[in-house]
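Okay, so here's the structure we're looking at.
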Amino acid sequence: MNTTPRPYREDFPHRVQIVEVGTRDGFQAVEGWIPTDTKAQILKALIAAGLRHFEATSFVSPRAVPQLRDGAGLLAELGVPEGVTLSALVPNLRGAEAAIAAGAGGLVVFVSASESHNLKNLNRSRGESLAALQAISDRAAEARMPVQGAIATAFGCPFEGDVPVAAVLKIAQAYHAIGIRRVTLGDTTGMATPSLVRQRVQALNAELPDMEVALHFHNTRGLGLANVMAGLDAGVWIYESSVGGLGGCPFAPGATGNICTEDLVYLLHECGIETGVDLDALCAVARQVEQVIGRPLPGQVMKAGQRLQTAPMESVRTACG
Ligand code: MG
């Protein structure tokens, strides 16, 4: 049934690393409690489908994000699967200590490029957030744990509008100064466009050539995968996405959240780029996640199947328009 797709462009990365964020960025917005063993079972199914890198949970205040209050229990249930990295998002030193104690495989810290968003999200200024990072970085180094820095609202802010590229660079430089060598540009409310992606990645590469860049897009305005193409064009080989497209946007009720992992894998495979993921197995997990959260997810390949997946003629009554 499948043929090997020809590379879309020889100069694109030949292999892409996908970081699955569904159980953190997706589940945090789900209101009804998802039991820890259900979360663990979903993560195990995602690992079985070939995913190897996860932002699995966060260690934030359980009052702020009650759904993720079981981070330690979840990591304990999973252990450290061979060749798999289970990272945790941490807002402060306390969270970092908890994540290290729970056996996380890496820490993700975050600061917004926009001052208003940082104040709203973290209740402190960007400067205060950055000042607190040194202690986290030192503690992580002691525990030999990798730290990556996310920059929220890297492509625009729901309160301020445009975010200057200089504001993004300033956060990335501050990360670099404390030893962080991997930065994720987060399109928190889906304001990225291919032009902005190219501009920001090029600026980062020019300013900090030894900083690895990852991209975290939302499909809020339908440009999620177009932005991935712009990222590939700029040489970026690490993308964050969530199974089924789980996740919402608190500033735009009803809007879709993160780009969908199956749709991303489908795009990459069709461009001749390896991901190590079994797409059919991944779609099965996405359908299972739909059952767990009790509502349809925005993922498209999980519904339509892959392009060469044929149907018997008699099973279709009317032609599509
Ligand atoms: Mg997100």
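Just a few scattered comments:
- C-alpha center-to-center spacing [the range 91-133, the range 6-60] in angstrom: 21 Å
- Approximate shape of the range 185-258 as ellipsoid semi-axes (Cα gyration tensor, √5λ), whole Å, largest first: 23, 11, 10
- Translational diffusion of the range 271-310 was estimated from the Stokes-Einstein equation, with Rh taken as the Kirkwood radius over Cα pairs; at 20 °C and 1.002 mPa s the coefficient is 190 µm²/s.
- To the nearest ten degrees, helix 224-233 and the longest principal axis of the Cα atoms of the chain are 70 degrees apart.
- 37 °C / 0.692 mPa s Stokes-Einstein diffusion coefficient of the range 218-321, Kirkwood radius on C-alpha pairs, µm²/s: 220 µm²/s
- Candidate cross-link partners of residue 303 among the aspartates and glutamates, defined by an alpha-carbon separation under 19 Å and a same-chain spacing of 8 or more, comprise 262, 263, 270, 278, 280, 290.
- This ranking places 157, 271 by how few other beta-carbon atoms lie within 10 Å of each, fewest first, which gives 271, 157.
- Kirkwood Rh, Cα atoms: Rg over Rh of the chain: 0.96
- Taking other residues whose beta carbon is less than 13 angstrom from the beta carbon of residue 293, and scoring Lys, Arg as +1 and Asp, Glu as -1, yields +1.
- Residue-averaged [θ]222 nm for the chain, counting only DSSP H segments that reach four residues, each worth -39500 (n - 2.57): -11000 deg cm²/dmol
- Under Karplus coefficients 6.51, -1.76 and 1.60, residue-wise ³J(HN,Hα) of the range 24-39 in Hz, glycine/proline x: 9, 5, x, 5, 4, 9, 8, 6, x, 5, 9, x, 4, 5, 5, 4
- Length gained on full extension, residue 315 to residue 4: 109.2 nm, using 0.36 nm per residue less the C-alpha separation.
- Size of charge dipole - the chain - debye, nearest 20, with Cβ of Lys, Arg +1 and Asp, Glu -1, no other charges: 380 debye
- Sorted by Cβ density within 10 Å, fewest first, the residues 256, 310: 310, 256
- Spread over its residues, the convex hull of the C-alpha atoms of the range 1-155 is 161 Å³ per residue.
- Sparse packing (at most 13 other Cβ atoms within 10 Å of the Cβ) combined with a DSSP loop state is found for the following GluC sites (Glu not before Pro) in the range 41-144: 82.
- Least to most buried among 14, 176 (fewest other Cβ within 10 Å first): 14, 176
Only the coordinates and a few stated rules stand behind these numbers; no lab work does. What you see is a predicted model; the values in this text were computed from it and never measured. Counting neighbours? That spans all protein chains shown, and the Cβs are built from the backbone with ideal geometry, glycine included.
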